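S.K.: Structure in structure tokens, see below.
The values are calculated or read from the model by the stated rules, or taken from the named source; none is laboratory data. If you're wondering where the values come from, they're calculated on a predicted model, not measured in any experiment. Cβ placement follows ideal geometry from the backbone for every residue including glycine, while neighbour counts extend to all protein chains displayed. Heads up: the accessible areas ignore ligands, DNA and RNA and are worked out on the full protein's heavy atoms, side chains in. Shrake-Rupley method; radii C 1.70, N 1.55, O 1.52, S 1.80 Å.
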Amino acid sequence: PAMNNLLSRLSVAFSCCLPIAAGCALIPYAGIEMDEALFAAPYYQPVAKEFRLRIFHHDIPLMIMTYIGTLKTVLYWPVVAVFRSSFQAHPLYAAWVVRLPMVLAESLTVFVFFYMVQRSVGRLAAVVAALLLASDPTFLITNTFDWGPVALEHLLLVTGCFFLVKYSQDRVPSDLPMGFFFFGLALWNKAVFV
């Protein structure tokens, strides 16, 4: 059993490193696409009046458009604050700054997915499922370039499902609200989550 545990940990580590390696290999090969840069709009232009909340004479953007929220904008706030000047320096830097956090989210999705499947059906199935997810070209490409945007949707969906599976097994009262909290974040990120 100890060797089995070690082997499963090595395989999940490999499964989490594979999207990072593949994503880093893909990042420089395409320019920034409009969908993956939507989150940056509130940094550079005012948001429409119906998509923001005014608190203490400050406008807080809640939505970018009718079906896309500002969750990714909020998450990228520190990244943009630190690397904003590099956007103008070289287009390749902008690609790395925009895409690398989503590649890391992609890897985290595989990690959480492994533990969700392990809780659901067992360790062997979790190892195989994580390897299959980490090596799926569609998953790798759409999350790296974040067309849609979908990388946060995948992470929040899997994390919400993990907490629901955990609640169904352990009956810890805090797990159920945590699962729906992540579903709520996914809904705020993009209304298509419904």
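S.K.: Quick check on the range 33-54: of everything there that is hydrophobic (A, V, I, L, M, F, W, C) and open to solvent by 70 Å² or more (accessible area, probe 1.4 Å), which residue is farthest from Ala95 (Cα to Cα)?
M.R.: Leu53
S.K.: Looking at the range 58-73, is at least one residue surrounded by fewer than 18 Cβ atoms within 10 Å (Cβ to Cβ), closer than 24 Å to Gly23 by Cα and of a type outside the set (Asp, Glu)?
M.R.: no
S.K.: Would you please name the residue that is modelled with the lowest pLDDT, looking only at residues in the range 1-54 that are under 24 Å from Gln118 (Cα atoms) and hydroxyl-bearing (Ser, Thr, Tyr)?
M.R.: Ser8
S.K.: Val128 fails exactly one of the following numbered conditions: (1) open to solvent by less than 20 Å² (accessible area, probe 1.4 Å); (2) free of Cβ contacts under 8 Å to residues at least 40 places away in the same chain; (3) among the β-branched types (Val, Ile, Thr). What is the number of that condition?
M.R.: Val128 satisfies every listed condition except (1).
S.K.: If you don't mind, another one. With a cut-off of at least 2 residues that are in contact with a helix residue (DSSP H, G or I) (Cβ under 7 Å, 6 or more places away or on another chain) and among the aromatic types (Phe, Trp, Tyr), name the helices (runs of 4 or more DSSP H) lying wholly within the range 5-106. Let's see the steps before the verdict.
M.R.: On the way: elements: 34-37, 41-44, 71-89.
Fully inside the range 5-106 and qualifying: 71-89.
S.K.: All but one of (1) out of contact with any Lys or Arg (no Cβ under 8 Å at 6 or more places or on another chain); (2) in contact (Cβ under 8 Å) with a residue 24 or more places away in the chain; (3) aromatic (Phe, Trp, Tyr) hold for Tyr67; state the number of the condition that does not hold.
M.R.: For Tyr67, the exception is condition (1).
One line per residue, one yes/no per condition, for (1) surrounded by fewer than 22 Cβ atoms within 10 Å (Cβ to Cβ); (2) closer than 30 Å to Ala37 by Cβ; (3) in contact with a Cys (Cβ under 8 Å, 6 or more places away or on another chain):
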position: Ser120; (1), (2), (3): yes, no, no
position: Ser135; (1), (2), (3): yes, yes, no
position: Gly148; (1), (2), (3): yes, yes, no
position: Leu156; (1), (2), (3): no, yes, no
position: Lys166; (1), (2), (3): yes, no, no
position: Val172; (1), (2), (3): yes, no, no
